[in-house]
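To start, the structure under review is shown below, and the notes come after it.
The values are calculated or read from the model by the stated rules, or taken from the named source; none is laboratory data. What you see is a predicted model, and the numbers here were worked out from it, not measured in a lab. Methodologically, a virtual Cβ is constructed for each residue, glycine included, from the backbone with ideal geometry; neighbour enumeration extends over all protein chains shown.
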Amino acid sequence: MAEELDYDALEEILQRHDYDKTNIISILQETQGIYRYLPREVFPLFAQKLGISEARIYGVATFYENFSLEPKGRHIIKICDGTACHVRKSIPVIEELRKILDLSPEQATTKDMMFTLETVSCLGACGLAPVLNLDGKVHAAMTPEKARELIANVREEDSYACN
């Protein structure tokens, strides 16, 4: 799924960072902000413009968990399956989300690129377990029913915004 690169936008990012290789993390963050992931096609461009190897850029991109080399959906759902959430039944919530989004453990992003579902070890809100984070907003005491309603609301809002 190759996305067309916006070379002008990438050049602006590089210019803002003075083509300084020590700013590679910020450069990658801004790039991911545009595409919601890091297209591999940017690596040769950045390597040439910054005077560093593609391997070094790839190393940074794969070292930090915040970076993704796979396309992500418009809405990112992080569901905790750490101890507190697991004990309070996060698995049925995860299963319901996978069912309604037609996802599997191997496929985390919906075909329409609307949602990405990520299972995480901890969201730091154990007292609110089970916890789901949707686009940076925490949703506490999740149940399969609440998850279904949340997804329906997001779909409705997106549908409304497009009309």
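Below are the figures for this structure:
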| quantity | calculated |
| --- | --- |
| Selection within region 86-97 - in contact with a strand residue (DSSP E or B) (Cβ under 7 Å, 6 or more places away or on another chain) and surrounded by fewer than 20 Cβ atoms within 10 Å (Cβ to Cβ) | none |
| Entirely in region 35-116, the helices (runs of 4 or more DSSP H) that have 3 or more residues that are more than 16 Å from the chain's Cα centre (by Cα) and assigned by TED's automatic domain parsing to the domain that holds Ile24 | 42-50, 54-63 |
| Single residue of region 131-163 satisfying the filter (in a loop (DSSP other than H, G, I, E, B) and in contact with a Pro (Cβ under 9 Å, 6 or more places away or on another chain)) that is surrounded by the most Cβ atoms within 10 Å (Cβ to Cβ) | Met142 |
